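A short worksheet on the structure shown next.
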Amino acid sequence: MIWDIQKECMDREELSQLQLERLQSTIHRVYRNVPFYRRVFDKNGIDPDGFGSLEDISKIPFTTKADLRENYPYGLFAVPLREVVRIHTSSGTTGMPIVVGYTKNDLKIWTELVARVLTSGGITKDDVIQIAFNYGLFTGAFGFHYGAEKIGASVIPVSIENPKKQIKILQDYKTTALISTPSYALLIANTLIEMGINPNSLYLKFGLFGAEPWSERMRQEIEEKLKITATDNYGLSEIMGPGVAGECLQKKGLHIQEDHFYFEIIDPQTLQPVKEGEVGELVITTLTKEAFPVLRFRTGDLTRFISGECACGRTFRRIDRIMGRTDDMIIIRGLKIFPSQIEAILHEIQGRQPNYQIVLERNEGIDQITIMLEITEEIFSDMMKEQTQLISKIKERIASELGLPINIKLVEKRSFEKRGEKIKRVIDIR
Ligand SMILES: [Zn+2]
């Protein structure tokens, strides 16, 4: 079987040699076929033959989202369009989308890597998989779809539907694994509770969740409410889609697919590599992509390398869950804060996954931070006292842990609900 775990157990030296050979061939291909990269190399006096070790990769300037956007739609394709068999776009929230293409071989590798992620999350050919990602231009649904078929599992391509319909399918079709964003899984779980359905009456065993940052507390909440084992996975359209990294059942970080990608973590401000184990921005170079190879792509996602061996036996390194986006990093009154820190406090006080938005404003030259927090109908409707207590509790905790005065505005339930899409956590109108 090609998704055999053996493929993820390579001797480090052997792996480095493979990565170097694949890097050299990628560099030659982009230099030959992608005018953007040829210009970058020529302008910086980089010799495509001058890559004798993996460390030489630091000679190459980073590729940014803006570079990708400026080459809309096909400017960065490294093969003629007749060799491209699939087109997707990235789920960019602003401006032009980024168009990505796949050759036949790209699709084959993508399918294999997703099959690996599914297998490490506990999925086998006996599973019935409900895919609750939007089928369309985005990569999530199609990536998982083909990976699951490769394993031989039964795939139900539900796409995004209202949670009640998802639940009906979970019940009637005897779904054993759910694939979605974590926030959508939680919405399904909460709807299940509202409908008075016992989760033990479902057949669900596994949940593979990704496409947005989530916390350990949120994992516990989903696992308890749905009675499943939930794992995290990571991918992005600019690199491939899902399948770039995934947690095994140890749930101690996401194994990265090092035979097909080269991973670095840098300080987003100095652009230098961070020390081992420190949090920084994930940078990825594709090593085998044919249609849309990228060199040192700045993902904007914050994580860290996890050192040591994993008990599952895979030797590929692990990264921690994505902690947020570099552009979500809030710099306010000289302090650096991540939404995930605020989220953890809200979760603890409310005892459940908070739904919230952070609004940054400038008032008479002073930066103000306001948390718009969704609350239950009961608290919202009449109980002034509960509302006041909740507000002062959150204010105190955030002031003491983050050293920052904040405003809180309570809003009605499901104000930010976006049908399984990503919720924008930070609105900066300064
Ligand atoms: Zn593992």
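The values are calculated or read from the model by the stated rules, or taken from the named source; none is laboratory data. Everything quoted here is computed from the prediction, not taken from an experiment. Here the Cβ positions follow ideal geometry from the backbone for every residue, glycine too, while neighbour counts run over all protein chains shown.
Worth pointing out:
- Only helices (runs of 4 or more DSSP H) whose full extent lies in the stretch 332-404 are considered here, and the ones with at least 1 residues that are of a type in the set (Phe, Trp, Tyr) are 377-381.
- Within the stretch 22-47, being surrounded by 16 or more Cβ atoms within 10 Å (Cβ to Cβ) and without any contact (Cβ under 8 Å) to a residue 60 or more places away in the chain holds for 24, 31, 33, 40, 41, 46.
- Filtered residues of the stretch 117-142 (kept if crowded, with 24+ Cβ neighbours inside 10 Å, among the polar types (S, T, N, Q) and within 16 Å of the ligand (Cβ to nearest atom)): 120
- Any hit, the stretch 255-277, residues being in contact with a Pro (Cβ under 6 Å, 6 or more places away or on another chain) and either closer than 25 Å to residue 342 by Cα or outside any strand (DSSP E or B) (or both): yes
- Matching option when the condition is of a type in the set (Ser, Thr, Tyr), in contact with a helix residue (DSSP H, G or I) (Cβ under 9 Å, 6 or more places away or on another chain) and more than 16 Å from the ligand (Cβ to nearest atom), among 315, 288: 288
- Pick from the stretch 318-331, criterion part of a loop (DSSP other than H, G, I, E, B) and aliphatic (A, V, I, L, M), ranking: farthest from the ligand (Cβ to nearest atom): 329
- Hey, residue 224 within 14 Å of the ligand (Cβ to nearest atom), outside any strand (DSSP E or B) and of a type in the set (Asp, Glu) or not: no
- Residue check, residue 212 within 22 Å of residue 298 (Cβ to Cβ), in contact with a Lys or Arg (Cβ under 6 Å, 6 or more places away or on another chain), in contact (Cβ under 8 Å) with a residue 40 or more places away in the chain and more than 16 Å from the ligand (Cβ to nearest atom): yes
- Single residue of the stretch 291-312 satisfying the filter (under 22 Å from residue 119 (Cα atoms) and small (Gly, Ala, Ser)) that is farthest from the ligand (Cβ to nearest atom): 308
- Those strands (runs of 3 or more DSSP E) lying entirely in the stretch 91-201 with at least 3 residues out of contact with any Asp or Glu (no Cβ under 7 Å at 6 or more places or on another chain) and free of Cβ contacts under 8 Å to residues at least 60 places away in the same chain: 128-131
- Positions within the stretch 231-270 being more than 13 Å from the chain's Cα centre (by Cα) and within 26 Å of residue 29 (Cα to Cα), in sequence order: 257, 258, 259, 260, 261, 262, 263, 264, 265, 266
- Matching option when the condition is surrounded by fewer than 19 Cβ atoms within 10 Å (Cβ to Cβ) and closer than 27 Å to residue 25 by Cβ, among 85, 114, 100: 85
- Selection from the stretch 349-364 of residues that are touching a residue at least 60 places away in the same chain (Cβ under 8 Å) and buried (at least 19 other Cβ atoms within 10 Å of the Cβ): 353, 355, 356, 357, 358
- Hits in the stretch 244-262 - residues which are touching a residue at least 40 places away in the same chain (Cβ under 8 Å) and either away from the ligand (no atom under 16 Å from the Cβ) or of a type in the set (Lys, Arg) (or both): 252, 260, 262
- When residue 269 is tested against (1) out of contact with any Phe, Trp or Tyr (no Cβ under 6 Å at 6 or more places or on another chain); (2) more than 16 Å from the ligand (Cβ to nearest atom); (3) in contact (Cβ under 8 Å) with a residue 24 or more places away in the chain, exactly one condition is not met: (3).
- Selection status of residue 367, crowded, with 16+ Cβ neighbours inside 10 Å and modelled with pLDDT under 90: yes
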